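One structure is given here, and the rest of the page talks about it.
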Amino acid sequence: MAKIIRLDPLGTETAIKTNDNLLSALLKHELNILQECGGRGMCSTCHVYIKEGMESLTPLNRREKRTLEVITTCKPNSRLACQARVIGDGVVVELPPGMYLHQIDDIESLIGKRAQEDILHPINGKVLVEKGKLITRSMIVQLKDTKVEVSRYLSQVTDAV
Ligand code: FES
């Protein structure tokens, strides 16, 4: 049986099969989710908030808890979309505001432009560039460093498992 999920702030609804994870619902909408860890609950690039219907999702597992602990934007209603499977109706998902770093394809082309949304660190959710701020070359260098940091972090996590 299909379950209907609402995505905020897009305001769209989508149907997914019972027991499928939330990530599949997000991907259906072609949202740019990096899934840096390949949906294994080890990065936080699929972090979402559950506005309603937390009880309609499978409970948090240990790995998911551990990963969520490192994100500064984590709230009591945070989940990793790749780990939360839908078992009931009435789930409303809120996508965290801002844009994760991985969405910037051609990073150099952003120099001299204003950030249209907050640009967030993909691991800890820290705001790297605030909305409306001018993006400078030194910021770009910092963003690139962050990318390296992210791959290093992920290889460590993978090794540790
Ligand atoms: S895709 Fe990495 S935690 Fe979900």
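Brief remarks follow.
- Condition met for Arg62 (loosely packed, with under 13 Cβ neighbours inside 10 Å, more than 19 Å from Pro97 (Cβ to Cβ) and basic (Lys, Arg)): yes
- Pair list, Cβ < 7 Å and 6+ apart or interchain, from the stretch 2-14 residues that are within 7 Å of His29 (Cβ to Cβ) to residues that are part of a loop (DSSP other than H, G, I, E, B) and polar (S, T, N, Q): none
- Of Val48, Val86, Val70, all but one fail to be over 30 Å from Met139 (Cα atoms) and at pLDDT 80 or above; the exception is Val86.
- Residue among Cys43, Cys82, Cys74 that is under 17 Å from Ala25 (Cβ atoms), crowded, with 17+ Cβ neighbours inside 10 Å and touching a helix residue (DSSP H, G or I) at 6+ places or on another chain (Cβ under 8 Å): Cys82
- Checking Ala25 against (1) within 11 Å of the ligand (Cβ to nearest atom); (2) in contact with a Leu (Cβ under 9 Å, 6 or more places away or on another chain); (3) part of a helix (DSSP H, G or I), the condition it does not meet: (1)
- Yes/no for Lys17 being away from the ligand (no atom under 14 Å from the Cβ), among the basic types (Lys, Arg) and more than 18 Å from the chain's Cα centre (by Cα): yes
- Restricting attention to the stretch 28-86, the residues that are out of contact with any Lys or Arg (no Cβ under 9 Å at 6 or more places or on another chain), more than 14 Å from the ligand (Cβ to nearest atom) and assigned to a helix (DSSP H, G or I) total 2.
- Test result for Ser44, of a type in the set (Ser, Thr, Tyr) and either without any contact (Cβ under 8 Å) to a residue 40 or more places away in the chain or assigned by TED's automatic domain parsing to the domain that holds Lys126 (or both): no
- Taken together, the residues in the stretch 127-148 that are exposed (fewer than 14 other Cβ atoms within 10 Å of the Cβ), outside any helix (DSSP H, G or I) and either modelled with pLDDT under 75 or of a type in the set (A, V, I, L, M) (or both) amount to 1.
- Members of the stretch 89-111 that are at pLDDT 85 or above and at positive phi: Gly90
The values are calculated or read from the model by the stated rules, or taken from the named source; none is laboratory data. Everything quoted here is computed from the prediction, not taken from an experiment. Methodologically, a virtual Cβ is constructed for each residue, glycine included, from the backbone with ideal geometry; neighbour enumeration extends over all protein chains shown.
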